[in-house]
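Engineer: Provided herewith is a single structure, encoded as structure tokens, for subsequent inquiry.
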Amino acid sequence: MSGEALPLLDTVVRVVYLGAAVTFVLGLHLMRSPATARRGNLLSASGMAAAVLATVVLLLAGAGEHGGVVPLAGVALLAGAVVGALGGLVGARRVQMTAMPQLVSVFNAVGGGAAAVVAIVDFQRLHGDGALTAGVSVPVVLDVVIGAVTFSGSLVAAGKLQGWVSGAPLAFPGSRLASIVSAAAAVVGGVVVVVSPSAWLLWVVVLAALAFGVLMVLPIGGADMPVVVSLLNAFTGLAVAMAGFVVDNQIMIIAGALVGASGAILTQQMAEAMNRSVLSIMVGGFGTGDTLAGGDTAAGLQGLEVRRVGAEDVAIQLAYARKVIIVPGYGLAAAQAQRECGELGQLLTDRGITVYYAVHPVAGRMPGHMNVLLAEADVPYPQLLEMDEVNPEFETADVALVVGANDVTNPAARRPGNAISGMPILDVDHARSIVVIKRSLGHGYAGLDNELYGDPKTSMLLADAKKGLAQILAGVKSYVG
């Protein structure tokens, strides 16, 4: 492309960046409500696609004249863009909804790792040219540290969520000290790199940050995974913003800052929903993992009598109720029972029964996990109520149907002296009748028996969520014709 055309192209690209930034902000605004979240996601994705395409065009057009890429690099750029786009598209379409937290963690790792690589490459180039300044080396170091921590930490988180790494808090003798030493090495090494740039020392910073990411996530148990995924998402945004400063790309700065800020706010909100500080979550050691959250441990309920019930009995309760509140938990997600759940809710609604779905902020293993699952089952958005909205409704509910939710319904949270004391919970025990569908009487991620199971108003249907809901659904249909 001619030299005269490039300034015009550069202007067009900057306009595209501005438009993309507007779509990011509008998309975030639309994502505040389940009813508009899908539209917001599509709008933001469209803006990002336009920004990426504009950047590729600018780089290819400016090859050899204005700091663009050489032909071979252009081929590599296009190949990478195609492979990355196809990988993301195929991965997102094929992934099961229950595996979405793992996929998000992998995306976080990719984003953080890519940002760190950008900073490392630019550091090497500028250091070799003798053109490295403090204005560049500061964001480089921040990018490398945050990006490397995000990369290794997100991979460990994905392994825990997938079951390849134990979901229980993992620690070994000296792990706390190793974590402190690796963090200190990354920080001190980063400061030295800024003051006296050194390529080999930057690699020491990278290795220290990678080690800290692993050591930071290993001691964190399954109960805290939603918060960790959100926090690492915020780290990814910050790393991308720093990479934007390094390569002087405004759209990366804007997008990264928005992701970082929104992720940080969400992390804080989720930590408050668990009545814990973000720091205490990062220290780890809380709760158990997936492997311990099972088994028939009726003997561990401290002598409380548990009343078991059959699916037909539950169907009768629901068929003749006036108001039903369904409480979905991770057990529903693990059993892929969202469609049975949605069909049951629709059947009750068609009979004139008031139906709500109570969604706790940390339900599932990813922020918004339950909302996504229920949306997939075409549950009407107005029936989805957050904790503050739905808790007053339990007082007048005939039946609270708990499907695979545990710690977020445990009345023990209202008492001091246990692992979940003070955690805001769903007031399920305020309903006139309670039905819990669960495979066993085992405890939840926090490692506590659920006192709700011993409540005289509670009936336990010990079954897989999908099978249990299907049996209840068939029963309700037989009664209502």
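Engineer: Report, to the nearest whole %, how much of the accessible area of the range 96-200 belongs to carbon and sulfur atoms, 1.4 Å probe, protein only.
Structural biologist: The computed percentage sits at 76.
Engineer: Right, something else. Under the 0.36 nm per residue contour assumption, what length would be gained going from the current alpha-carbon distance of Ala134 and Leu462 to full extension?
Structural biologist: Here the segment from Ala134 to Leu462 would lengthen by 111.8 nm.
Engineer: Could you calculate the FRET efficiency of Ser198 with Arg322 from 1/(1 + (r/R0)^6), where r is the beta carbon distance between them and R0 is 60 Å, rounded to 0.05?
Structural biologist: 0.25
Engineer: Provide the packing ranking of 202-208, 448-454, 159-165, 227-233, i.e. peptides ordered by the mean count of other C-beta atoms within 10 Å per residue, highest first.
Structural biologist: 227-233, 448-454, 202-208, 159-165
Engineer: Please sort through the DSSP H helices of the chain and keep those with an alpha-carbon extent of at least 20 Å along the long axis and a Kyte-Doolittle average not below -1.0.
Structural biologist: Once both thresholds are applied, what remains is 5-30, 34-61, 71-94, 100-129, 134-162, 175-195, 199-217, 225-247, 250-273, 465-480.
Engineer: Now for a separate question. Direction-averaged shadow area of the convex hull around the Cα atoms of the range 318-379, nm²?
Structural biologist: Mean projected area of the Cα convex hull: 3.9 nm².
Engineer: For the range 369-481, with all protein chains present and a 1.4 Å probe, just round the carbon and sulfur fraction of the accessible area to a whole percent.
Structural biologist: 53 percent
Engineer: What is the distance in Å between the Cα centres of the range 1-62 and the range 81-101?
Structural biologist: Here the two parts' Cα centres lie 21 Å apart.
Engineer: For the chain, what percent of Cα pairs sit more than 38 Å apart?
Structural biologist: Value for the chain (Cα pairs over 38 Å): 34 percent.
Engineer: Still on this structure, I have one more. Expressed as a whole number of Å, what is the distance separating the alpha-carbon centroids of the range 130-205 and the range 417-481?
Structural biologist: Each part reduced to its Cα centre gives a spacing of 42 Å.
Engineer: Then there's this: Using only helices, what value at 222 nm comes out for the chain when you add -39,500 (n - 2.57) per DSSP H run of length 4 or more and divide by the total residues, to the nearest 500 deg cm²/dmol?
Structural biologist: Calculated at 222 nm, the ellipticity per residue is -20000 deg cm²/dmol.
Engineer: To continue, here is another question. Could you work out how much longer the chain between Asp350 and Ala81 gets when fully extended? Use 0.36 nm per residue separation minus the Cα distance between them, nm to one decimal.
Structural biologist: Full-extension gain reported as 92.0 nm.
Engineer: Kindly report the accessible area of the range 73-176 per residue (heavy atoms of protein chains, probe 1.4 Å, no ligands, DNA or RNA), in Å².
Structural biologist: I get 48 Å² per residue for the range 73-176.
Engineer: Could you tell me what % of all Cα pairs in the range 5-157 have separations over 24 Å?
Structural biologist: Roughly 50 percent, rounded to a whole number.
Engineer: What is the diffusion coefficient of the range 164-214 in µm²/s, taking the Kirkwood radius over Cα pairs and the Stokes-Einstein relation at 20 °C with a viscosity of 1.002 mPa s?
Structural biologist: Approximately 180 µm²/s, per Stokes-Einstein.
Engineer: Mind counting lysine pairs for me in the chain? Cα separation below 25 Å, and the two need to be 8 or more apart along the chain or on different chains.
Structural biologist: Lysine pairs satisfying the spacing and distance rule in the chain number 16.
Engineer: Where in the range 395-438 is the amide nitrogen less than 12 Å from a point lying 7 Å along the Cα-to-Cβ axis of Arg307?
Structural biologist: Taking a point 7 Å out along Cα→Cβ of Arg307, the residues of the range 395-438 whose backbone N falls under 12 Å are 432-436.
Engineer: Relative to the present Cα-Cα distance, how much length would full extension add between Val69 and Ile180 at 0.36 nm per residue of separation?
Structural biologist: 35.8 nm
The values are calculated or read from the model by the stated rules, or taken from the named source; none is laboratory data. Here the structure is a predicted model, which means the values were calculated and not measured. Quick reminder, even Gly has a Cβ in these numbers, built from the backbone with ideal geometry, and neighbours come from all protein chains shown. These accessible areas exclude ligands, DNA and RNA; they are computed on the full protein's heavy atoms, side chains included. Shrake-Rupley method; radii C 1.70, N 1.55, O 1.52, S 1.80 Å.
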